[in-house]
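Visitor: Pasting a structure here, questions to come.
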Amino acid sequence: MRGDDQEEQGAMWSYVPMEQRIPAEHPLRVMRPLVDAVLRELSPRFAELYARVGRPSIAPEKLLRALLLQVLYTIRSERLLMEQLDYNLLFRWFVGLELDDPVWNATVFTKNRERLLDGEIARAFFDRVVAQARERGLLSDEHFTVDGTLVEAWASLKSFKRKDAPPASPDDPGNPTVNFHGERRRNTTHASTTDPDARLARKGPGQEAKLCYTGHVLMENRNGLAVGGCVIRASGHAERAAALELLGAQNRAGRVTLGADKGYDTRDFVAAIRLLGVTPHVAQNTTNRASAIDGRTTRHAGYAVSQRRRKRVEEIFGWLKTVGLMRKTRHLGTRRVDWMFTFALAAYNLVRIRNLTVQTV
């Protein structure tokens, strides 16, 4: 028979536990224990960031779980995240909120995140996620790949003005008219008034120039997990400088290989990583020039393997930009952008660990 669709008074009590409402095969069920293990290890570090007296703030564990959901589900703002937490039972379960717990104010949530920024929690969280992958035997200690990408800044080209020019009164304070056609604009003479750390850059010849940062990833070649990452100001040598920094931060027991694209094929970079005990498996750039990589390297079968494996780093960048909110950052300043980039890398690793764990079960 047909069911009744008449309006009735809403039930005041629910006798179904929230735990039972989450499907047993949901991906977050596998990820939640991984996240909880990392947060338990970080608990002593959290204690150093908070006073022992006063009004309790948002628990850092709940804050980080909520930020993970924001990255995993591509929620573009903290205000929308709080809205989801208010009615989404899955989100409440993952964060650790009961059905009747009030949701935080978006501004309060953002201010509490700043405390974690000051404590470099994103880097510590990322390092412990990598340690979990290592404990599971998912990482390679011998073969790596490095690459960089442009991360568009949260600043418009209208804000890119001459450093020595006096501020002019705009015709429209909300959206001023700016005519920069015919003006030669360089990072040495111009700067953004909205985000001074952003730099004018483009992907290649014929591409439009945008205010950007450069995000860099060091990937291990076995399962394509990120073992290092950072964001720095965009420049012509940013990729090679970041690669040396990421390599130097790794604990290497023996000689390792490093795959990279043609942009890293310079004599200075190849010589520098050889001094670090790293074999450069860099793609040869022979366009109107001689490559810094010769037959001593390319004749080995491992070189061809590295050239195939290195392409997987683009999967990381693709995920960060389509899912992880890093196509255009919503934050100002190198420090904040680096924090969110590193945290998004940790989220990517958690997804990969979850997928690899399910495959081996």
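Visitor: Of the numbered conditions (1) touching a residue at least 12 places away in the same chain (Cβ under 8 Å); (2) open to solvent by 20 Å² or more (accessible area, probe 1.4 Å); (3) closer than 30 Å to LYS210 by Cβ, GLY318 fails exactly one; give the number of that condition.
Guide: Every listed condition holds for GLY318 apart from (1).
Visitor: Here is a follow-up. Would you mind listing the strands (runs of 3 or more DSSP E) fully within region 139-195 where at least 2 residues are acidic (Asp, Glu)?
Guide: Details: elements: 143-152, 160-162, 190-192.
Correct list: 143-152.
Visitor: Can you tell me which residues in region 102-148 are in contact with an Asp or Glu (Cβ under 9 Å, 6 or more places away or on another chain), within 30 Å of VAL358 (Cα to Cα), of a type in the set (Val, Ile, Thr) and at pLDDT below 95?
Guide: none
Visitor: I'd like to check which helices (runs of 4 or more DSSP H) are fully inside region 8-96 and have at least 2 residues that are under 26 Å from ALA133 (Cα atoms) and polar (S, T, N, Q).
Guide: Working: elements: 18-21, 27-49, 60-72, 78-87, 89-95.
Those helices (runs of 4 or more DSSP H) do not exist here; none qualify.
Visitor: Let me ask something else. Here is a check on your reading of the model: is ILE353 open to solvent by less than 30 Å² (accessible area, probe 1.4 Å) and touching a strand residue (DSSP E or B) at 6+ places or on another chain (Cβ under 6 Å)?
Guide: Working: open to solvent by less than 30 Å² (accessible area, probe 1.4 Å): yes; touching a strand residue (DSSP E or B) at 6+ places or on another chain (Cβ under 6 Å): no.
Here the answer is no, as ILE353 does not meet what is asked.
Visitor: Another one. Being of a type in the set (A, V, I, L, M) and either within 15 Å of ASP197 (Cβ to Cβ) or surrounded by fewer than 23 Cβ atoms within 10 Å (Cβ to Cβ) (or both) is the filter; apply it to region 326-349 and report the residue that is farthest from the chain's Cα centre (by Cα).
Guide: So the residue we want is LEU332.
Visitor: Determine if region 129-141 includes at least one residue that is of a type in the set (D, E, K, R), touching a Phe, Trp or Tyr at 6+ places or on another chain (Cβ under 7 Å) and surrounded by 15 or more Cβ atoms within 10 Å (Cβ to Cβ). Show your work before the answer.
Guide: Kept after step one, since they are of a type in the set (D, E, K, R), are these residues of region 129-141: 134-136, 141.
Adding the requirement that they be touching a Phe, Trp or Tyr at 6+ places or on another chain (Cβ under 7 Å) leaves none.
The answer is no, given that none of the residues of region 129-141 is of a type in the set (D, E, K, R), touching a Phe, Trp or Tyr at 6+ places or on another chain (Cβ under 7 Å) and surrounded by 15 or more Cβ atoms within 10 Å (Cβ to Cβ).
Visitor: For a quick check of your reading of the model, give me the residue pairs whose first member lies in region 208-225 and is closer than 13 Å to SER156 by Cβ, whose second is among the basic types (Lys, Arg), with beta-carbon atoms closer than 6 Å and at least 6 apart or on different chains.
Guide: Cβ pairs passing all conditions: ALA209/ARG202.
Visitor: Turning to a different aspect of this structure: What do you reckon, is ASN251 at positive phi, modelled with pLDDT under 95 and not acidic (Asp, Glu)? Can you show your working first?
Guide: Numbers: at positive phi: no; modelled with pLDDT under 95: yes; not acidic (Asp, Glu): yes.
So ASN251 does not fit the description; no.
Visitor: Being within 20 Å of MET326 (Cβ to Cβ), within 27 Å of the chain's Cα centre (by Cα) and exposed (fewer than 14 other Cβ atoms within 10 Å of the Cβ) is true for just one of ALA209, ALA238, ALA243. Which residue is that?
Guide: Working: ALA238 fails: exposed (fewer than 14 other Cβ atoms within 10 Å of the Cβ); ALA243 fails: exposed (fewer than 14 other Cβ atoms within 10 Å of the Cβ).
It is ALA209.
Visitor: Which pairs have Cβ atoms under 9 Å, sit 6 or more apart or on different chains, and link a residue in region 285-303 that is within 16 Å of PHE144 (Cα to Cα) to one that is at pLDDT 90 or above and open to solvent by 50 Å² or more (accessible area, probe 1.4 Å)?
Guide: Close Cβ pairs (under 9 Å, with a partner that is at pLDDT 90 or above and open to solvent by 50 Å² or more (accessible area, probe 1.4 Å)) amount to GLY302/HIS143.
The values are calculated or read from the model by the stated rules, or taken from the named source; none is laboratory data. Because the structure is a prediction, the values reported are computed rather than measured. Here Cβ is always computed from backbone atoms with ideal geometry, including for glycine, and neighbour counts include all displayed protein chains. Just the protein is used for accessible areas: all its heavy atoms, side chains included, with ligands, DNA and RNA removed. Shrake-Rupley method; radii C 1.70, N 1.55, O 1.52, S 1.80 Å.
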